[in-house]
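Peer 1: I have a structure here, written as structure tokens, and I will follow up with some questions on it.
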Amino acid sequence: MYNFTMSIPTEIIFGEGAEEQAGMQMKRYADRILLLYGSERIFRTGLGQRLTARLEEAGCTVVPQGGVTANADSELIRKAVRVIRDRELNGILAVGGGSVIDSAKAAAAGACLRGTVEELFRGDIEPEAFLPVGAVVTLPATGSEANGMAVIQDHETHDKLLRYFPQFKPRFALLDPALTVTLPARQTAAGGFDVFAHAFERFFDLRRESVLLDRMTAGLMKTVTECLPRVIHDPGDLQNRAEMMFAATAAHSDMLGPGGDFACHTMSHILTKEYGLAHGAALAMLIPAWCREMFPKNGERFAEFYRQVFGEKEPRRGQERLETFVDEIGLPRKLGSAGIGPEKLAEETMDSVPQVGEGFCDGMNEEEIIRVFRRIMP
């Protein structure tokens, strides 16, 4: 095992009625709150009204702002920064999934900057301070509620930009599985596969060399492969929704240890940038293809993956089980299902970075990247 530092300072409040603590928790850090969210669904379900009431009961002033999109657009973040400054707000409560929470993190830093959010995320300037952020999770996927990473999309160029700061970590996160029941099946599936992917990319970081970390990551992947299909087929299954919700937090918050290859995550940005595919849906195409392409480089590692996660001793059967899992949760494994033709995809892959990944067999070269994309063509 290599040296590492881990910190999980976010206070996790998990279970039925967790939202009732929103006011008490937020008031510990701020009293003039931006309530940041995506769609108006949170008000149609009554969650927005309940959270506003809890905040106001605790003595907080609440300014709502919706409109966060699936890819955390920088223009919306700039708008949030203007609202924070104009209304002299001093804290943010993010209500949603990873894009909303990442937008809140970016706005929390942007409100204290002399430059722009885009300059911060491109590394041209460094943050001066951060407003406190709390999270109410309604879409478990990215683990953003308990990690220091934020990924946004530049409104002008559509480039994916990411930065890590320990101060990005939310002060608290409220996790009630019941809040995820109204999610469409496609969002549930894509978010759930993202959870799987966070553990998968850690498992294939060969630098970790730890039996304990292997078993932890494999156990989380196995949990997702068992629980996610049950949730898709029975949306009201709160027990399995609870498993998925905590798995999302555990998968990408230092709980599974450091590192990660993240080659598939990097490649997925090509698909999300150009075609608007959900991040998890792109990963569901790429990971099975990556496995087929990269297997010859270290068959023993793949055999261990198939054995621990799917209980298959024969790698061919393990690969089939992985692909069946993707089919079972209703996500496509080919780009044709998303209306993406092979000609334009080939152009995009030729423009991709020459090497991605760093933890599995010294990463991928450009030819390997192109072959993986070809495997997911119609």
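Peer 1: Checking a compactness column here: for the chain, what do you get for Rg(Cα) / (2.2 N^0.38 Å), N being the number of residues? Could the numbers behind the result be given before it?
Peer 2: Numbers: Rg = 20.2 Å, N = 378, 2.2 N^0.38 = 21.0 Å.
Rg over 2.2 N^0.38 Å, computed on Cα atoms: 0.96.
Peer 1: Still on this model: Express in whole angstrom the spacing between the alpha-carbon centres of the stretch 211-249 and the stretch 99-173.
Peer 2: If we compute the Cα centre of each part, the gap is 26 Å.
Peer 1: Next question. Toward the positive end of the charge dipole of the chain, about the Cα centre and with charges on Cβ (Lys, Arg +1; Asp, Glu -1), which of L206, A289, L93 goes farthest?
Peer 2: Looking along the dipole axis, the top candidate is L93.
Peer 1: If you line up the Cα atoms of the stretch 159-290 on their principal axes, what length do they span on each, largest first, in Å?
Peer 2: Computed over the Cα atoms, the extents are 39, 38, 34 Å.
Peer 1: Can you tell me the accessible area per residue over the chain, all protein chains present, probe 1.4 angstrom, in square angstrom?
Peer 2: Each residue of the chain exposes 41 Å² on average to a 1.4 Å probe.
Peer 1: Nearest 500 deg cm²/dmol is fine: what mean residue ellipticity at 222 nm does the chain get from its DSSP H runs of n ≥ 4 alone, each adding -39,500 (n - 2.57), divided by its residue count?
Peer 2: So the helix-based figure for the chain works out to -15000 deg cm²/dmol.
Peer 1: Here is a further query. Defining a contact as two alpha carbons under 8 Å apart and six or more residues distant in sequence, what relative contact order in percent does the chain show?
Peer 2: 15 percent.
Peer 1: Against the empirical 2.2 N^0.38 Å scaling, what ratio does the C-alpha Rg of the stretch 136-191 come to? Intermediate values should be presented prior to the final figure.
Peer 2: Values: Rg = 13.5 Å, N = 56, 2.2 N^0.38 = 10.2 Å.
Against the empirical 2.2 N^0.38 Å value, I get 1.33 for the stretch 136-191.
Peer 1: Looking at the stretch 1-40, what % of the alpha carbon pairs are farther apart than 14 Å?
Peer 2: Counting pairs separated by more than 14 Å, the tail of P(r) holds 67 percent.
Peer 1: Among 131-144, 22-35, how do they line up from the highest to the lowest mean number of other beta-carbon atoms within 10 Å?
Peer 2: 131-144, 22-35
Peer 1: Step by step: find N for the stretch 46-159, compute 2.2 N^0.38 Å, then divide the Cα radius of gyration by it. What's the final number?
Peer 2: Here the Cα radius of gyration is 1.03 times the empirical estimate.
Peer 1: Run the accessible area of the chain with a 1.4 Å probe and give the carbon-and-sulfur part as a rounded percent.
Peer 2: Whole-percent figure for carbon plus sulfur exposure: 49.
Peer 1: Let me ask another. How many percent of Cα pairs in the stretch 258-316 exceed 18 Å?
Peer 2: 44 percent
Peer 1: Further, regarding this structure: What are the membrane-span-like helices in the chain by this rule: whole DSSP H runs, Cα extent along the axis at least 30 Å, mean Kyte-Doolittle hydropathy at least -1.0?
Peer 2: TM-like helix candidates: 211-233.
Peer 1: Please go through the stretch 62-155 and write out the trypsin sites (Lys or Arg not before Pro) that DSSP classes as loop and that have at most 16 other C-beta atoms within 10 Å.
Peer 2: Passing both the DSSP loop test and the Cβ count: R114, R122.
Peer 1: Here's another thing I want to ask about it. Find how much the distance from D159 to E328 grows on full extension, using 0.36 nm per residue of separation minus their present alpha carbon separation; answer in nm with one decimal. Kindly include the intermediate steps, with their values, before the conclusion.
Peer 2: Numbers: separation 169, 0.36 × 169 = 60.84 nm, distance 3.17 nm.
So the chain would gain 57.7 nm between D159 and E328.
The values are calculated or read from the model by the stated rules, or taken from the named source; none is laboratory data. What you are looking at is a predicted structure, and each value in this text was computed from that prediction instead of being measured. Here Cβ is always computed from backbone atoms with ideal geometry, including for glycine, and neighbour counts include all displayed protein chains. Surface accessibility is based on the protein's heavy atoms, side chains included, excluding ligands, DNA and RNA. Shrake-Rupley method; radii C 1.70, N 1.55, O 1.52, S 1.80 Å.
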